[in-house]
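The values are calculated or read from the model by the stated rules, or taken from the named source; none is laboratory data. Here the structure is a predicted model, which is why all the values come from computation and not from measurement. All Cβ positions, even for glycine, are placed from backbone atoms using ideal geometry, and neighbour counts span all protein chains on display. Areas reflect the complete protein model, heavy atoms only, side chains present, ligands, DNA and RNA absent. Shrake-Rupley method; radii C 1.70, N 1.55, O 1.52, S 1.80 Å.
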Amino acid sequence: MNAHAKPTPATARRSDALSGSARIPGDKSISHRSFMFGGLASGETRITGLLEGEDVMRTGEAMKAMGASIEKQGDEWIIRGVGNGCLLEAQAPLDFGNAGTGARLTMGLVGTYDMKTTFVGDASLTGRPMGRVLSPLREMGVQVLDAAPGDRMPLTLRGPKRAAPISYRVPMASAQVKSAVLLAALNAPGVTTVIEPVMTRDHTEKMLAGFGASLEVETDADGVRHIRIEGEGTLTGQTIAVPGDPSSAAFPLVAALIVPGSDITIENVLMNPTRTGLILTLQEMGASIDIMNPRNAGGEDVADLRVRSSDLKGVTVPPERAPTMIDEYPVLAVAASFAEGETVMDGLDELRVKESDRLAAVARGLEVNGVDCTEGEMSLTVRGTPGGKGLGGGPNGAGVVATHLDHRIAMAFLVMGLASEKPVTVDDRAMIATSFPEFMNLMADLGARIE
Ligand code: S3P
């Protein structure tokens, strides 16, 4: 399945109560980083629970193209890394498909190497802004030899003989930009500082420290984080158990909340506080989500979630919470469509530069399914219909949701169809494989009617 194949629509229909347990696939952010840092570090890295989605596999291929050895033995991925500073020049363009995280983090990782690297991707990825990563890299001495207009892919980087360490204040709430600078710093002499005014997911910091990087984080009186990393150190292979992805768990979770009578358990979900904004918001809306068996696994908090269908009420989501639930707004908008009253989501500017313009894609998808909503420049307001009466579009023409090569738009609207009066159809299911290849089977096992 890829962006060039003929689109394959999917339709979800009103379902009976969902029940049972589900173990969702590994976290996408941690899986990308496991391949990257394992491929870079000296010695062996062993990974279990890796997300085997298309996005992560692209990162694996890129690391192989630059000298890492990666193979699967049984349930475990075994990586032999090249050693920090020792990546090889790729002999062909690195193709990241649909994956912004893979592309942007790898630009940082190789940008400071004195070699040429070309980055290509699908129609969604080539439309996304890369200047946010190229700006700090340029400050470090990286040349952009070639790029499509507006600093977009396809693009080719060439690093300097010796990169300059910098101090960089991240201008938008983006873990990808923060991470790209930290990775570029690994191959620069001295200390690079990344200043992060709004905290985003901290997997890069935590995992790099685990691989032995000399890295410290200080949070000042204003809550601004100062991340200092010393370049040219040694990284050593690690053993990693990747926890379940909360951004994937979000789909069965919301499905169970809106399908009457449901009672499901989602096992082994990452509960890192930089990722749990959706759970908090849904609980404020009246969702019954029990956090069971909380534990620490490999330095991350994880838990099982028991979710029962609930009468939801609209809320105003604080804009400052956005970084902890940035990928979850599409499915939150679906939950809000079944809530009593109005849900106001603001501070959503970053949603416009995801795999699609998610703010517009969600608003159009809600509209074709009869949901009353208002799209602002960086906000979305949804007025819900408890019980889902009248909602849904049906399989014909104007009622179909345009997914714009965006996996989360596809999954969010398929969840909507499980509780709406009429079916919901999305124009293409192919992109679901980028982050959640098991989605269809896992949902069917819980009792969802999607075909
Ligand atoms: C990610 C960061 C976020 C998120 C993406 C994964 C990461 O992107 O949307 O799915 O792994 O660092 P931004 O940095 O653009 O917010």
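Looking only at residues that are assigned to a loop (DSSP other than H, G, I, E, B) and in contact (Cβ under 8 Å) with a residue 60 or more places away in the chain in region 124-162, which one is surrounded by the most Cβ atoms within 10 Å (Cβ to Cβ)? The selected residue is Arg128. Residue-level analysis places Ala99 outside the set of residues that are assigned by TED's automatic domain parsing to the domain that holds Thr45 and out of contact with any helix residue (DSSP H, G or I) (no Cβ under 6 Å at 6 or more places or on another chain). A Cβ distance below 8 Å, combined with a sequence gap of six or more or placement on separate chains, defines the contacts here; from region 359-383, residues that are in the same structural domain as Leu332 (by TED's automatic domain parsing) reach residues that are modelled with pLDDT under 95 and open to solvent by less than 10 Å² (accessible area, probe 1.4 Å) in the pairs Val368/Gly399; Asn369/Gly399.
Of the residues Ile195, Ile258, the single one that is outside the structural domain of Leu87 (by TED's automatic domain parsing) and either without any contact (Cβ under 8 Å) to a residue 40 or more places away in the chain or buried (at least 24 other Cβ atoms within 10 Å of the Cβ) (or both) is Ile258. Among the residues of region 170-199, those identified as of a type in the set (Val, Ile, Thr) and more than 15 Å from the ligand (Cβ to nearest atom) are Val191, Thr192, Thr193, Ile195.
Thr374 satisfies every condition listed in (1) in a helix (DSSP H, G or I); (2) within 23 Å of Leu312 (Cα to Cα); (3) polar (S, T, N, Q) except (1).
Listed here are the strands (runs of 3 or more DSSP E) enclosed by region 40-105 that have at least 1 residues being on the phi > 0 side of the Ramachandran plot: 42-48. Determine whether region 139-147 contains at least one residue that is touching a Phe, Trp or Tyr at 6+ places or on another chain (Cβ under 6 Å) and away from the ligand (no atom under 15 Å from the Cβ). Looking through region 139-147, none of the residues is touching a Phe, Trp or Tyr at 6+ places or on another chain (Cβ under 6 Å) and away from the ligand (no atom under 15 Å from the Cβ). Restricting attention to region 297-314, which residues are open to solvent by 30 Å² or more (accessible area, probe 1.4 Å), farther than 15 Å from Ala336 by Cα, out of contact with any Pro (no Cβ under 8 Å at 6 or more places or on another chain) and at pLDDT 95 or above? Passing the criteria: Arg306, Arg308.
Consider Gly231 carefully, then state whether it is more than 16 Å from the ligand (Cβ to nearest atom), over 23 Å from Ala99 (Cα atoms), touching a Leu at 6+ places or on another chain (Cβ under 9 Å) and open to solvent by 20 Å² or more (accessible area, probe 1.4 Å).
Judged against the criteria, Gly231 is not a match.
Count of region 272-289 residues, restricted to those that are open to solvent by less than 30 Å² (accessible area, probe 1.4 Å) and either more than 16 Å from the ligand (Cβ to nearest atom) or in the same structural domain as Glu216 (by TED's automatic domain parsing) (or both), is 6. The condition (being of a type in the set (Gly, Ala, Ser) and on the phi > 0 side of the Ramachandran plot) is satisfied by just one residue among Gly417, Gly388: Gly388. For region 200-214, filtering for residues that are within 12 Å of the ligand (Cβ to nearest atom) and farther than 22 Å from Ala241 by Cα leaves 0.
Say whether the condition of being over 19 Å from Asn98 (Cα atoms), modelled with pLDDT of 95 or more and either among the polar types (S, T, N, Q) or not assigned by TED's automatic domain parsing to the domain that holds Asn84 (or both) is met by at least one residue in region 156-172.
The answer is yes; a qualifying residue exists.
Restricting Arg138, Arg104, Arg80 to residues that are over 26 Å from Leu405 (Cα atoms) and in contact with a Ser or Thr (Cβ under 8 Å, 6 or more places away or on another chain) narrows the list to Arg80.
Being of a type in the set (Ser, Thr, Tyr), within 20 Å of the chain's Cα centre (by Cα) and open to solvent by less than 10 Å² (accessible area, probe 1.4 Å) is a description that applies to Thr59. Quick check on region 316-323. Is at least one of its residues of a type outside the set (Phe, Trp, Tyr), modelled with pLDDT of 95 or more, more than 29 Å from Val198 (Cα to Cα) and away from the ligand (no atom under 14 Å from the Cβ)? No; the residues of region 316-323 include none that is of a type outside the set (Phe, Trp, Tyr), modelled with pLDDT of 95 or more, more than 29 Å from Val198 (Cα to Cα) and away from the ligand (no atom under 14 Å from the Cβ).
The number of residues in region 1-28 that are modelled with pLDDT under 95, closer than 25 Å to Asn369 by Cβ and open to solvent by less than 70 Å² (accessible area, probe 1.4 Å) comes to 1. Does region 215-225 include one or more residues that are of a type in the set (Lys, Arg), buried (at least 17 other Cβ atoms within 10 Å of the Cβ) and either within 16 Å of the ligand (Cβ to nearest atom) or within 30 Å of Met115 (Cβ to Cβ) (or both)? Checked region 215-225: at least one residue is of a type in the set (Lys, Arg), buried (at least 17 other Cβ atoms within 10 Å of the Cβ) and either within 16 Å of the ligand (Cβ to nearest atom) or within 30 Å of Met115 (Cβ to Cβ) (or both). When Gly392 is tested against (1) open to solvent by less than 10 Å² (accessible area, probe 1.4 Å); (2) away from the ligand (no atom under 16 Å from the Cβ); (3) in a helix (DSSP H, G or I), only condition (3) is not met. Every condition in (1) open to solvent by 10 Å² or more (accessible area, probe 1.4 Å); (2) within 25 Å of the chain's Cα centre (by Cα) is met by Ser42 except one, and the failing one is (2).
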